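Data block below; observations after.
We did not get these values from a lab; they are worked out from the coordinates using the rules stated. Note that the coordinates shown come from a computational prediction; the quantities given were computed from them, not determined experimentally. Cβ placement follows ideal geometry from the backbone for every residue including glycine, while neighbour counts extend to all protein chains displayed.
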Amino acid sequence: MKILGWASLLSLLVAGGAAPPSFAEPLAPPPVPHGDPGCLPRVSDGASEPDRDTIRAAGAKVADQMIKGLLTPRPAAPDNPNVAPDMGTLVIDGAFGGLWARCGLTRRERSLVTLGILMALRASGELEYHFRIARANGLTPREIDEAIYQAAGYAGFPAAATAREVYAKVVKQDASADKKQ
C-alpha cells in the first residue's frame with residue numbers, strides 16, 4: 001500500500017479535474033449571526049468592532065443573565081481588596097463581554113467548549129460553577145457525562161476523574177438544595 005503525501009494528493013485532485021482547495025480567500029461571514037438573541041456582533045460577523053463601553057455593558061448583561069441566583073455559593077470577594085482589585089473588571093470585559101456575549105456560538109455551545117477546557121486544565125473551582133452554568137444553558141446530564149468521557153481520551157483519565165468528582169459534588173449539592181426548598 002502506497003502512502004501519499006500532500007503534493008501527491010493535490011496532483012491527483014488536479015489531474016482528476018477537481019480544483020485544489022483554496023485557503024487564500026476567507027469564507028464570507030454568515031448573513032445572520034449565529035448565537036443567542038442579542039449577541040454582540042463583531043468584525044468576524046461583518047460588523048464593526050464595538051467600543052469598550054459597549055463590550056462592558058454586554059458583559060455585565062450576560063454575567064447577570066448567566067449567574068444571577070444560579071451560583072451557590074457565589075464566588076467570594078477577596079478578603080483583601082488590595083489583591084488583584086481589577087479582576088472583576090477583567091472578568092466582565094474579557095470573559096463575559098469579550099467571549100460569552102459574542103455571536104458565533106450559543107451559550108449552550110460555549111458551555112460545552114468551556115467545560116472541555118476546564119476539564120483539561122483540572123480547574124476544579126471553575127468547573128464547579130461551570131457545570132451549573134452549563135445545565136442552565138441547556139446541556140443535559142447525558143451531554144455533560146459525554147463531555148467527561150471525551151476529556152478522558154484527550155486530556156487523560158486523571159483530568160476526567162477530577163471532572164467526574166466535581167460534577168458528582170455539584171449534583172449532590174444541588175439535589176440537597178432542591179430538597180430544602
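Among 176, 111, sorting on how many other beta-carbon atoms sit within 10 Å of each Cβ, with the fewest leading, yields 176, 111.
Dividing the Cα radius of gyration of region 106-181 by 2.2 N^0.38 Å, with N the residue count, gives 1.03. Basic side chains Lys and Arg get +1 at the Cβ, acidic Asp and Glu get -1 at the Cβ, and with that the dipole of region 106-181 about its Cα centre reaches some 200 debye.
Label-to-label distance, residue 120 versus residue 65, with points set 7 angstrom from Cα along the beta-carbon direction: 2.7 nm.
Between residue 146 and residue 54, the FRET efficiency from the beta-carbon distance, with R0 = 22 Å, is close to 0.05.
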